[in-house]
1. If you go through the range 157-193, how many residues are open to solvent by 30 Å² or more (accessible area, probe 1.4 Å) and modelled with pLDDT of 75 or more?
2. Could you tell me which numbered condition TYR127 fails, if it satisfies all but one of (1) of a type outside the set (Gly, Ala, Ser); (2) within 20 Å of the chain's Cα centre (by Cα); (3) open to solvent by 30 Å² or more (accessible area, probe 1.4 Å)?
3. Suppose the filter is part of a helix (DSSP H, G or I) and more than 16 Å from ILE42 (Cα to Cα); does GLY256 pass it?
4. Restricting to the range 271-288, name every residue that is at pLDDT 80 or above and either over 16 Å from the mean Cα position of the chain (by Cα) or outside any helix (DSSP H, G or I) (or both).
Amino acid sequence: MDATANGKGPDMNAGFGSWLLSMSLGASALGGMHGMASGIFIVLAATTFGAALLYAISGFGFAVLAAPLFLLFLDPAPAIQLVIILSTVLSIVVLRGLLPAIAPWLLLRLALGSLVGLPLGLVAFRYADPIVVRAAAGAMIFGFAILMAVSRRRSGQPGQGKHWTAFAMSPGLDLAAGAVSGIAGALVGQPGPPVLIYLLLAGAAASTVRATLLAFFALSYGVTLASHAVTIGIPAPTWLAAGILIPFGFLGGLAGRPIGDRLGAGAFALLAIALLAVAGAYTLGAAALGFATA
């Protein structure tokens, strides 16, 4: 049902939310319920703000927080495309103040490795059982989060006499981490955890990790967005919904950037480990749900 069908001028926020979501979800998904549409719009806007805040602080985590909630209220295609669009825009916006912290050659090697890994992941995705792959990826990410937490606890705080590193970074390892990221992006839609795990285990500075991740995501999500637009197509309502949600993400990014700038190495490592644990648990949960409903 159209929000203005009763002939009265509706509350602007409620009417706009109802209209936006009826365009994105379709009238049947909303059941013509004006109040529910407004409530869903508020949830999506709040999720975008919160995920952008986390993203600006850590350089990682927008999709981890936004995707599950978006998928609760939107069909998979517009939900994922919204996450891709918002992630691309936010990466560029938040990155502006972090450009001096980017390690350009590290970023280049990660990007080149990702380009190599992407087609391998696509081939694997075609032939592998996606539920099994998702379960394995979730278990691996969650396992790495636990391993890093235990290792960090045993080796002490970074920068206080003991170094929390598993190995030294090298060009070959940079390329390998990028390749694993490309494979993971194609298989389970999560290119971030492999790069974050690599940089954390190598003991990279928090500012370098954050800036490089944001730049890497800007490139990878930009390529993904262009691929979707060219091959699959992104409907006009999805672009419109993204345009309406972007200001909420912009505000979250502005609020989170100064917090991230003041975040110490120890706090950053704890936040990153927590995000990896959440990402791994979510991926495992999605796989378990897939097994249960298969």
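1. Count: 10.
2. Every listed condition holds for TYR127 apart from (2).
3. Yes.
4. If the condition is that a residue be at pLDDT 80 or above and either over 16 Å from the mean Cα position of the chain (by Cα) or outside any helix (DSSP H, G or I) (or both), then LEU284, GLY285, ALA288 are the ones that fit.
The values are calculated or read from the model by the stated rules, or taken from the named source; none is laboratory data. All values reported here derive from a predicted model rather than from experimental measurement. With ligands, DNA and RNA removed, areas are computed over all heavy atoms of the protein, side chains included. Shrake-Rupley method; radii C 1.70, N 1.55, O 1.52, S 1.80 Å.
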